[in-house]
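This report refers to the structure that appears directly beneath it.
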Amino acid sequence: MKRLLLAALASVAAMAATAPAASAGVGPLHVVAMGDSYASGTGAGDYQPGTEGNCWRSNNSYSEQLVTRLRAQGRSVQFANVTCSGAATSDLYKEYLGQPPQLDALRADTSVVLLTIGTNDIGYAAYGGLCIQGDCSGGPTQAIAAKLPDMAKNLGQLFKDIHSRSPHARIVLSGYGSQLTAGPNASGAELDPICEPEVFSAEERTEGNALASQLDKTLQDTTSQAKADGIDTAFVSEYAADSVHLDDAFAGHSLCEAGTPFYRGFDALAPGQEGPDAVLHLNKDGQTALADLITAQL
């Protein structure tokens, strides 16, 4: 996966290097970040003015970190971050939470589109809430899985529409990972209260992780289909290529494992924290790890 992504990012750099240069040298990369709460960095803290409580746009999101790294390396980057918590694919086409349509940030000379989208098409957040408050195993899990084909169609059309507006852009789609370990709680570790068995049963963990794996595979396959159709796409996942086992960078970092968790639990409900919007979302460490996957060996 990292070799594929390195090649993808190298092609972007090569494209920029061979483009007509301005008098001061190579022109800037035009980067647009789009998508939902996982893209905006809900749960990662340090929110941009005016976005706390609505779009939750964090300076610790993977896209913000990636652009900061590129600039530190001397690259000139023009960056538009239009991500917004709660957005589904359909919301990218219209005004949402008082923000202009995200697709309007695209330009003919956009070089890279960083994108995370899809779970709000299938009601994934509400599903997580059901798991916490009741029992989401069986029928509810199957109902969410049944929505994945429609999500894939929406995403496939979105790839086409982004390509139509920004025909030279590489579209880098990121996945969602595994929020909660499928196995038992780590022994002897101090764990978030979300790890109590009364919150997530063993069955809910098993089925929830199987669903997360299906989601990742759907995103991966949809990205591959777009690439086969001639759209410059790449998929970056917290999983290995099989969409079953986590990438080494994320293995051991789901909630309730012994390692440092990369996801928020009920700590997000404490006074002064984001509240329910951030539960089961990547924290700052998780966003950094995802940015590392994108920039590895660049």
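The values are calculated or read from the model by the stated rules, or taken from the named source; none is laboratory data. Because the structure is a prediction, the values reported are computed rather than measured. Using ideal geometry, Cβ is built from the backbone for each residue, glycine included, and neighbour counts are taken over all protein chains shown.
Annotations for the structure displayed:
- Pairs with Cβ under 8 Å, 6+ apart, first in segment 199-221 and over 20 Å from Asp135 (Cα atoms) and of a type in the set (Asp, Glu), second part of a helix (DSSP H, G or I) and at pLDDT 95 or above: Asp221/Ala152
- Tallying residues that are part of a helix (DSSP H, G or I) and closer than 24 Å to Leu66 by Cβ within segment 269-298 yields 14.
Residues checked against (1) surrounded by 24 or more Cβ atoms within 10 Å (Cβ to Cβ); (2) under 24 Å from Gly43 (Cα atoms):
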site: Lys217; (1), (2): no, no
site: Asp248; (1), (2): no, yes
site: Tyr263; (1), (2): yes, yes
site: Ala270; (1), (2): no, yes
site: Pro276; (1), (2): no, yes
site: Asp285; (1), (2): no, yes
site: Leu290; (1), (2): yes, yes
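- Flag if Ala228 is of a type in the set (Gly, Ala, Ser), at pLDDT 95 or above, out of contact with any Asp or Glu (no Cβ under 9 Å at 6 or more places or on another chain) and within 19 Å of Gly138 (Cα to Cα): no
- Restricting segment 32-57 to residues that are over 13 Å from the mean Cα position of the chain (by Cα) and small (Gly, Ala, Ser) leaves a set whose member that is nearest to Gln99 (Cα to Cα) is Gly50.
- Reported count of residues in segment 150-180, each being free of Cβ contacts under 8 Å to residues at least 12 places away in the same chain and under 19 Å from Tyr124 (Cα atoms), is 1.
- Scan of segment 241-268 for residues that are in a loop (DSSP other than H, G, I, E, B), under 17 Å from Leu215 (Cβ atoms) and not aromatic (Phe, Trp, Tyr), ordered by number: Ala241, Asp242, Ser243, Val244, His245, Asp247, Ser254
- Some residue of segment 198-219 being outside any helix (DSSP H, G or I), more than 18 Å from Gly35 (Cβ to Cβ) and of a type in the set (Gly, Ala, Ser): yes
- Asp229 falls short on exactly one of the conditions (1) over 24 Å from Gln65 (Cα atoms); (2) out of contact with any Lys or Arg (no Cβ under 9 Å at 6 or more places or on another chain); (3) surrounded by fewer than 22 Cβ atoms within 10 Å (Cβ to Cβ); (4) not hydroxyl-bearing (Ser, Thr, Tyr), and that condition is (2).
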